[in-house]
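A.B. asks: One structure is given below, represented as structure tokens, and several questions about it will come after.
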Amino acid sequence: MENTWQYQGTEPIKIKKYLQSLGMGHHLFNDLKNGQGEFLVDHRKVRPTTKILPNQPLTVIAQPEMRDLSVKLSDEPLKIVYEDANWLVIDKPAGVTSIPGPSVDNGTVLNRAVKYLIAQGSDDQRPHLITRLDRYTGGLLLIAKHHVASSMISQQVQQHQMLKEYTAFVSGTFKEKHGVINKPIARREGQPQRVIAEDGQQAITEYWVEEEQAGWTKLRVQLHTGRTHQIRVHLASIGHPLIGDHLYGGDTSERQHQALWATKLSFKDPFTLKQLTFSREISSLPEN
């Protein structure tokens, strides 16, 4: 995989410091420095300690990642919303698992993405899921097509700089049209549910009321942290569980799985330095 940036600074800068400013992690830089890649300035191979000058192009060449043979290949399709040399944004159907596990070892997003890259003739055959969704949560999901992209985006993930919004249908109606839930979430051994607990990890969820009908409300929800089941736990904790969410007390009389979709995703592309934004519309409460 080869990527090139044009340095826009006004003072000379070391390659490492420049790449770190773009988001590259320390681990990947060391791998590249220690034989798994090359650095080129003005199309000439240079040492990783080299300084680059304003307006000089820096090219990073990384060795490709071969397929993980433990991940099976799936012929099931990917619904692709956006694709370039570094990213895949897909619309994941509800009911499809993100990654293989003990109960589902094929047909997941990861199985499908590996098969897709191989079919495309990609040298890199080990995709990295940057965002993940619960099995029965549908919507937008970001995949890095190679390990350089995964490393370059990791800083935005860790610092919660990616915008992730969801559409949720919950039981009941709200007095206030906007709210923030700031409650720590913990895992309890032997339980699939997460719980609100003082010893949990910080979790912050913001929501806006978009529509109200008899007995239910449509919300726009933004995650400010990324805990497992965060939206489901938080909304249940204020008395408004997701419709169909049997795990957290939602009404399952007309829907068997949580009414939740990832409907907006926005991040700064560390390769082009442009903001990429994707959205999908859920206009009404769908059936299962």
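A.B. asks: State whether the range 80-159 is rounded, prolate or oblate according to the following rule on the C-alpha gyration tensor (a ≥ b ≥ c being the square roots of its eigenvalues): a/c under 1.5 gives rounded; otherwise a/b larger than b/c gives prolate, and the remaining case gives oblate.
C.D. replies: In terms of gyration-tensor shape, oblate.
A.B. asks: Based on the alpha-carbon gyration tensor of the range 153-288 and its eigenvalue square roots a ≥ b ≥ c, which shape applies: rounded if a/c is under 1.5, prolate if not and a/b is larger than b/c, or oblate? List each step's numbers first, then the result.
C.D. replies: Details: a/c = 1.87, a/b = 1.25, b/c = 1.50.
Here the range 153-288 falls in the oblate category.
A.B. asks: Once you put a point 7 Å from the Cα of residue 175 and another 7 Å from the Cα of residue 195, both along the Cβ direction, what distance in nm separates them?
C.D. replies: The answer from the label model is 2.8 nm.
A.B. asks: Quote the relative contact order of the range 90-222 in percent (integer), defining contacts as alpha-carbon pairs under 8 Å separated by 6+ residues.
C.D. replies: In percent, rounded to a whole number, it is 19.
A.B. asks: Moving to a separate point now. So what's the angle, to the nearest 10 degrees on a 0 to 90 scale, between helix 147-158 and the longest Cα principal axis of the chain?
C.D. replies: It is inclined by approximately 50 degrees.
A.B. asks: Test of understanding: what is the full-extension gain from residue 66 to residue 210, defined as 0.36 nm times their sequence separation minus their Cα-Cα distance? Intermediate results must be reported in sequence, preceding the final value.
C.D. replies: On the way: separation 144, 0.36 × 144 = 51.84 nm, distance 4.53 nm.
Result: 47.3 nm gained on full extension.
A.B. asks: May I pose another question? Mind ranking 217-229, 117-129, 271-283 by how tightly packed they are, going by the mean number of other C-beta atoms within 10 angstrom, highest first?
C.D. replies: So the order, starting with the most tightly packed, is 217-229, 117-129, 271-283.
A.B. asks: Can you compute the charge dipole magnitude of the range 11-52 about its Cα centre, using +1 on each Lys and Arg Cβ and -1 on each Asp and Glu Cβ, nothing else charged? Give it in debye, rounded to the nearest 20.
C.D. replies: 160 debye
A.B. asks: Report, in degrees rounded to the nearest 10, the 0 to 90 angle that the Cα long axis of helix 109-119 makes with the longest principal axis of the chain.
C.D. replies: 40 degrees
A.B. asks: If every alpha-carbon in the chain counts as one equal scatterer, what log10 I(q)/I(0) does Debye give at q = 0.16 1/Å?
C.D. replies: With one equal scatterer per Cα and no solvent, log10 I(q)/I(0) is -1.25.
A.B. asks: Taking the Cα centre of the chain as the origin and placing charges on Cβ (Lys, Arg +1; Asp, Glu -1), which of 98, 88, 19 is farthest toward the positive end of the dipole?
C.D. replies: Comparing the listed Cα positions along the dipole, 19 ranks first.
A.B. asks: Report the residue, chosen from 30, 106, 86, that carries the largest GNM mean-square fluctuation when the chain is represented by alpha-carbon nodes joined by springs under 10 Å.
C.D. replies: So, out of 30, 106, 86, the one fluctuating most is 30.
A.B. asks: Moving on to the next point. For the chain, what is the charge dipole size about the Cα centre, in debye to the nearest 20, if Lys and Arg each add +1 at the Cβ and Asp and Glu each add -1 at the Cβ?
C.D. replies: 760 debye
A.B. asks: Tell me which of 149, 4, 138 sits at the most positive position along the dipole axis of the chain, charges placed on C-beta atoms (Lys, Arg +1; Asp, Glu -1).
C.D. replies: Highest projection toward the positive end goes to 4.
A.B. asks: Of 256, 208, 184, which is farthest along the charge dipole of the range 164-262 in the positive direction, counting Lys and Arg as +1 and Asp and Glu as -1 at C-beta?
C.D. replies: So the residue furthest toward the plus end is 184.
Bear in mind these aren't lab numbers, they're just calculated from the coordinates by the rules spelled out. Predicted model only: the values in this text are computed from it and were never measured. Don't worry about glycine lacking a Cβ; one is built from the backbone with ideal geometry, like all the others, and counts go over all protein chains shown.
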